[in-house]
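Below is one structure, written out as structure tokens; the observations come after it.
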Amino acid sequence: MMNPREHQTTRSGSTSPRIHGDVVWTPADEIRRSISTSVSEALEKRELGYGVRRAVERIVGLGGYRHELIESAPFDALAMWSGCGDPLAWCDLSPGQSVLELGCGAGLDLVLAARRVAPDGFVMGVDMNEDACLRALSSVKADGLRHAEVRQGLAEELATRVASVDVVISNGVLSLSPEKGTVLAAARQALAPGGWFVAAEVALEVDLPPWLEMSRGLRDVGITGAAGVDDYLELLTEAGFEQVEAAHKAVLEPQQLEDLIDRGMAGLEVAGCSASGAIMGSEVAALLSGTVAVVTLRARAPASQAAATA
């Protein structure tokens, strides 16, 4: 399993930066660019091929959402959902609270959170992908929400005021991020003293074989970049959180794994698998059965302002 103290760019790549014109790109930037491209491709695919019924089945089956809570959500938020679990099931949200979502995608959790903190609360979603932000804005408008906002940006570089929100949520962002410790430090800084961080994340039960670790497709859906549960908990502690826990963990069944892989693409390029190098999501799901879980992480920012800013 990964050592959270090691440089968190990639499991197999170099940590040396590259020069792109006048801009220095690090391996972490390259990973984010690849993931963002995959997100745009997936959004386009789902726009063409997903109906509401199939989308709801996938979200309930993989994410564990209650059917009655999501069936009235906007179409874009359902059809283009790209999470792995239901972080809001572990949040005690109430009217008037402020919520920040890291990696809001097409806006399902954003909409559900905004409904719960209405009428006086506020929800802001941040996503690095422009297409996702546009979908999230569409979802917010379709639901008639006036107390929700979407911004394009990185989870590692949040442009929010220090100690300004009550709850930070994430649905698969940590498992995608090549800089997990930086994301958690930014989340803790954004939280008001005593605020909660709740995240549903992909977690690895065992190390993957090298030939699967090198798959871009598996990285771009958060599998090869995922950490183990204990690694996540250690990273939360190192970021200064308290009351750190894995509130829930579920090892994914083959169909759930296939739905997780389908967040990105139907075919994955894996070296040595066939003449073309292509392997279908169902085949990968069978190979990974019993090795991948979804964990809900919960942690609290220190209650005193002095500790929170230490």
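The values are calculated or read from the model by the stated rules, or taken from the named source; none is laboratory data. Please read these numbers as outputs of a predicted model, since none were measured by experiment. Cβ placement follows ideal geometry from the backbone for every residue including glycine, while neighbour counts extend to all protein chains displayed.
Summary of values
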read-out: Any pair with Cβ under 7 angstrom, 6 or more apart, that starts in segment 158-185 at a residue that is under 18 Å from Ala303 (Cβ atoms) and ends at one that is modelled with pLDDT under 95 and hydrophobic (A, V, I, L, M, F, W, C); value: Ala163/Ala308
read-out: Residue among Ala200, Ala192, Ala227 that alone is of a type in the set (Gly, Ala, Ser), more than 24 Å from Ala113 (Cα to Cα) and out of contact with any His (no Cβ under 7 Å at 6 or more places or on another chain); value: Ala227
read-out: Lone unmet requirement of (1) buried (at least 24 other Cβ atoms within 10 Å of the Cβ); (2) of a type in the set (D, E, K, R); (3) in a helix (DSSP H, G or I) for Arg116; value: (1)
read-out: Selected residue (only one of Ala132, Ala155 is more than 25 Å from Arg300 (Cβ to Cβ), at pLDDT below 95 and buried (at least 23 other Cβ atoms within 10 Å of the Cβ)); value: Ala132
read-out: Test for Val140: is it assigned to a strand (DSSP E or B) and among the β-branched types (Val, Ile, Thr); value: no
read-out: One residue from Gly222, Gly181 being under 22 Å from Val251 (Cα atoms), outside any strand (DSSP E or B) and not hydrophobic (A, V, I, L, M, F, W, C); value: Gly222
read-out: Sole exception among (1) surrounded by 24 or more Cβ atoms within 10 Å (Cβ to Cβ); (2) out of contact with any helix residue (DSSP H, G or I) (no Cβ under 7 Å at 6 or more places or on another chain); (3) modelled with pLDDT under 95 for Val167, by number; value: (3)
read-out: Members of segment 87-113 that are closer than 24 Å to Pro193 by Cα and assigned to a loop (DSSP other than H, G, I, E, B); value: Cys91, Asp92, Leu93, Ser94, Pro95, Gly96, Gln97, Gly103, Cys104
read-out: Per-region count, segment 121-149, residues of a type in the set (Asp, Glu) and in contact with a Pro (Cβ under 6 Å, 6 or more places away or on another chain); value: 1
